[in-house]
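The values are calculated or read from the model by the stated rules, or taken from the named source; none is laboratory data. Source: prediction; values computed, not measured. Note that each Cβ is placed from the backbone with ideal geometry, even for glycine, and that neighbours are counted across all protein chains shown. Side chains are part of the model used for accessible areas, which takes the heavy atoms of the whole protein and leaves out ligands, DNA and RNA. Shrake-Rupley method; radii C 1.70, N 1.55, O 1.52, S 1.80 Å.
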Amino acid sequence: MKKNSSDDTANRTWLPILALDLHYEYLNELKAVFADMKKVNKISTQFTWNDKNLKIEERIKDEVVLITDLDLKIVFASNRIKRMTGYKEDEILGKTPKMFQGPETCKTALKEIQEAIKLQEPFKKTIQNYKKDGRTYKCSMDATPIYNLKGELSHFIAFEKEDKSA
């Protein structure tokens, strides 16, 4: 049975509109990554980081990047933080990462993280964290101290992602 011309027209326009929607989302993500990199580069330049081995440009595309000062106050969170936690960057700046922890967060893992920070050592951990709406999620983090070009500790950086494994 042959379709009428109006059916053909409807079917032909549907795919390009869908493609434009996907393209628009991709462009918005790219724009957010570039904005994040601009902020990170500003902090890096201001504090003269020795950040060659951090691979921030590669990792910021797929992971949440969280930067704290030496008092562990959050000074930067990438745009992906909202997708993972429900919080926007401006809601968490100046607070500590403890804001994501709760009763189900493993106290032993937290002590190990505190010890690594105290010793200024990199660490990798997966802990139970809390989203803005109170739901829990497994947060896999890869954190490291950042030193300036004089070798002085400047900040801490964590690359985080939600661990979806059971």
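Restricting the search to the range 92-115, which residues are more than 14 Å from the chain's Cα centre (by Cα) and in a helix (DSSP H, G or I)? Working first, answer last.
Of all residues in the range 92-115, those more than 14 Å from the chain's Cα centre (by Cα) come to 94-96, 98-99, 101-115.
Scanning the range 92-115 gives K98, M99, K107, T108, A109, L110, K111, E112, I113, Q114, E115.
Going by what's in this entry, would I81 be described as within 15 Å of C139 (Cβ to Cβ), out of contact with any Gly (no Cβ under 9 Å at 6 or more places or on another chain) and either free of Cβ contacts under 8 Å to residues at least 40 places away in the same chain or not in a loop (DSSP other than H, G, I, E, B) (or both)? Outline the logic, then answer.
Working: within 15 Å of C139 (Cβ to Cβ): yes; out of contact with any Gly (no Cβ under 9 Å at 6 or more places or on another chain): yes; either free of Cβ contacts under 8 Å to residues at least 40 places away in the same chain or not in a loop (DSSP other than H, G, I, E, B) (or both): yes.
Against the criterion (within 15 Å of C139 (Cβ to Cβ), out of contact with any Gly (no Cβ under 9 Å at 6 or more places or on another chain) and either free of Cβ contacts under 8 Å to residues at least 40 places away in the same chain or not in a loop (DSSP other than H, G, I, E, B) (or both)), I81 qualifies.
Which members of the range 152-166 meet the condition of being in contact (Cβ under 8 Å) with a residue 24 or more places away in the chain and over 22 Å from N79 (Cβ atoms)?
L153, S154, S165 - these are the residues of the range 152-166 that are in contact (Cβ under 8 Å) with a residue 24 or more places away in the chain and over 22 Å from N79 (Cβ atoms).
Across the range 117-166, which residue is most open to solvent (accessible area, probe 1.4 Å) among those that are of a type in the set (G, A, S) and over 13 Å from P97 (Cβ atoms)?
Among residues in the range 117-166 that are of a type in the set (G, A, S) and over 13 Å from P97 (Cβ atoms), the one most open to solvent (accessible area, probe 1.4 Å) is A166.
Of the residues in the range 55-78, how many are open to solvent by less than 60 Å² (accessible area, probe 1.4 Å), within 22 Å of V33 (Cβ to Cβ), of a type in the set (D, E, K, R) and assigned to a loop (DSSP other than H, G, I, E, B)?
Looking only at that region, the number is 1.
Which of the residues that make up the range 42-54 are buried (at least 17 other Cβ atoms within 10 Å of the Cβ) and either among the hydroxyl-bearing types (S, T, Y) or closer than 19 Å to P97 by Cβ (or both)?
Hits for the range 42-54 are I43, S44, L54.
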